[in-house]
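All remarks here apply to the structure that follows.
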Amino acid sequence: MIVLGSTGSIGVNTLNIARKFNLNIEVLVAGRNIEVLNKQIAEFKPKKVVIANKDDISKVNHPNVSFGEDAILDAIEQSEAKTVVNSLVGFLGLKPTLKAIECGKKIALANKESLVVAGKFIDQSKLSPIDSEHFGLWYLLQDKKIDSMTITASGGSFRDYPLDELKNVSIKEALNHPNWSMGNKITIDSATMTNKMFELLEAAWLFNTSKLDAIIETKSLIHAMVNFTDGSTTAHIANASMQLPIAYAILGRCDEPILKPVDLLQVGSLEFKEIEVSRYPIWEVKDEILKNPDLGVVLNAANEVGVYKFLNGEIGFLDISKTTLNALNKFNNVKPQNIDDIFEIDKQVRGFCES
Ligand SMILES: NC(=O)C1=CN([C@@H]2O[C@H](COP(=O)(O)OP(=O)(O)OC[C@H]3O[C@@H](n4cnc5c(N)ncnc54)[C@H](OP(=O)(O)O)[C@@H]3O)[C@@H](O)[C@H]2O)C=CC1
Ligand SMILES: CC(=O)[C@@H](O)[C@H](O)COP(=O)(O)O
Ligand SMILES: [Mn+2]
């Protein structure tokens, strides 16, 4: 197996599953966290390692290390491994997703941005998503007529924060997710609710429907619900851990105990809330985006610029969604015809948002 982004939140959980099921790790790809990478190399003994920067090569305890985006693509192409776990974050993950598919490998896809920006051009025949809500939806699917699907949101770091103080929140507060321990970028996406917008698009591509919505469930125990035409709704309930979706994406099925079951008596009660535009301005464009998924590439590029500007202390929290909404307004007519158009639109939107 090839693990892209092995030192991140999903990458570390993937290696936990690899350890549990004694899976062979052929290639590890990481960014800057060489300390964790060296521990992973010592334990899993990959044949090949790729990192982000040339300057770090000498710090990596491995005889076969290369660096940079092209090296990731070469490693996928040259490896005999049949499965690629893509847990890179952001647009950077798209080319590796496409390369894995081109090489006929099975792809376990945590990098949701790949589907958000280019779902139209991605062959899903060997793709399994690593995302708790989509795993939940998949788990619930039955051969019965489905009316619609609902995914849940935690509400993110500021779900109970006074609305008029949101403009002054700190980076540290924004990174304090109520239920999940995840990388910085997705944690900010969760706080703005952009993560849920991404997930609606992801679900639209995966399940070929636009009858999708999201609501807040504050404990992140229910991940997804399927609403059948007969009036019944089924819900997927599991403790908040990515190990279950990862295990299924890699193994296909799993009857071993992975998580402790949810103890509903201990949980006591669940709380559901509407996602309100006043707290999550991005939600204003939910219907438009679902109607026109071509906008995913604009949504993602602008959001990436906004999130990293916020994390660098250049803009305030509310400016992230403003950046995205401005870009969606400017580029509301994009019509990508092929994958090259996706890269070109991404570049144009970033240029607009940076200026
Ligand atoms: N975390 C979660 O629970 C979930 C995450 N996802 C999605 O999964 C993806 C990964 O998320 P998450 O694990 O939280 O993110 P993290 O930020 O924790 O991990 C990102 C990984 O990518 C690596 N990386 C970053 N830049 C480069 C680069 N230039 N070259 C090589 N490697 C690089 C990082 O390396 P390093 O740290 O060494 O710099 C790290 O290993 C995202 O798309 C996210 O939306 C989806 C569902 C749940
Ligand atoms: C674990 C997972 O799947 C994340 O995508 C999670 O859903 C993020 O939390 P939010 O529900 O706050 O977006
Ligand atoms: Mn999710």
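Read the figures in this text as sums done on the coordinates, not as results from a lab. Predicted model only: the values in this text are computed from it and were never measured. A quick note on method: Cβ atoms are made from the backbone with ideal geometry, for glycine too, and the neighbour counts reach across all protein chains shown.
The table below gives the values:
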read-out: The chain, relative contact order in percent, only Cα pairs under 8 angstrom and at least six apart counted; value: 15
read-out: Cα-centred dipole magnitude for region 45-143, charges only on beta-carbon of K, R (+1) and D, E (-1), debye, nearest 20; value: 300
read-out: Cα radius of gyration and Dmax for region 148-211 (Å); value: 13.4, 39
read-out: Candidates per trypsin sites (Lys or Arg not before Pro) in region 144-208, loop by DSSP, up to 16 other Cβ within 10 Å; value: LYS144, LYS145
read-out: Proxy reagent accessibility, fewest Cβ within 10 Å first, across SER269, SER87; value: SER269, SER87
read-out: Distance histogram in 10 Å bins (all Cα pairs of region 133-291, percent per bin); value: 10, 37, 37, 14, 2
read-out: Lys pairs under 20 Å by Cα in region 253-343, provided they are eight or more residues apart or on distinct chains; value: 9
read-out: Positive-end residue, the chain charge dipole about Cα centroid, Cβ charges, pick of ASN227, SER58, ILE107; value: SER58
read-out: For region 224-355, convex hull volume per residue from C-alpha positions, Å³; value: 214
read-out: Projected-area mean, the chain, by convex hull of Cα positions, square nanometres; value: 18.2
read-out: Estimated [θ] at 222 nm from DSSP helical runs (n ≥ 4, -39500 (n - 2.57)) normalised by residues in the chain, nearest 500; value: -12500 deg cm²/dmol
read-out: Axial C-alpha extent at least 30 Å, average Kyte-Doolittle at least 0.5 - helices from the chain (DSSP); value: none
read-out: Cα extents of region 102-196 along the three principal axes, largest first (Å); value: 47, 35, 22
read-out: Residue list for region 178-219, given a label point 7 angstrom along the Cα-to-Cβ vector of GLU271 and an amide N cut-off under 15 Å; value: 178-179, 216-219
read-out: For VAL349, VAL334, order by how many other beta-carbon atoms lie within 10 Å, fewest first; value: VAL334, VAL349
read-out: Selection from ILE151, ALA18, GLY313 lying farthest towards where the dipole of the chain points positive, charges on Cβ; value: ALA18
read-out: Size of charge dipole - the chain - debye, nearest 20, with Cβ of Lys, Arg +1 and Asp, Glu -1, no other charges; value: 720
read-out: Stokes-Einstein D in µm²/s, Kirkwood radius over Cα pairs - region 31-177 at 25 °C with 0.890 mPa s viscosity; value: 134
read-out: Rounded Å value of the spacing that divides the Cα centres of region 147-213 and region 307-355; value: 18
read-out: q = 0.12 Å⁻¹: log10 I(q)/I(0) that the Debye formula gives for region 1-112, counting C-alpha atoms only; value: -0.33
read-out: Where only C-alpha atoms are counted, convex hull volume of region 34-100 per residue in Å³; value: 94
read-out: Cβ-based exposure ranking for ILE171, ILE130, in which fewest neighbours within 10 Å come first; value: ILE171, ILE130
